[in-house]
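See structure below.
The values are calculated or read from the model by the stated rules, or taken from the named source; none is laboratory data. Small disclaimer: the values here were computed from a predicted structure and weren't measured. Surface areas here come from the heavy atoms of the whole protein model, side chains and all, with no ligands, DNA or RNA. Shrake-Rupley method; radii C 1.70, N 1.55, O 1.52, S 1.80 Å.
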Amino acid sequence: MRKRDEAWREEVKEVTVKYTSLVKLVKATNSERVKVDSLKTESNTLDKEFEEAMRAEIKKMSAEVTRSTEDAERATQQAQGLADELARLRRLMRAAGATKLPNAEDLA
């Protein structure tokens, strides 16, 4: 009987040690889970901040591209206007050259 009691006590000690170890592991796991959740929340916050920063940057770039495109269109229109005006002046100069009055020296 004594051997049985002793074996039982040893088994109880082993189970107690295992249980204590398990409780420590569960507490450590819970602690790590809290850390992971905290890091996850921080990561999500940083992701949102980065996304907002990128959205703002993209919006700024888009506005700059739009402005640049409009400037290029205006410059193209202005260049076309100048080319048209140059062509008109050349036509006028040719027409003036063709209907040129004779010089006084030519008449003498």
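Could you list, in sequence order, the residues of segment 1-20 that are among the basic types (Lys, Arg) and outside any helix (DSSP H, G or I)?
none
Select from segment 38-55 the residues that are more than 17 Å from the chain's Cα centre (by Cα) and open to solvent by 80 Å² or more (accessible area, probe 1.4 Å) and list them in ascending order.
Correct list: Leu39, Lys40, Thr41, Glu42.
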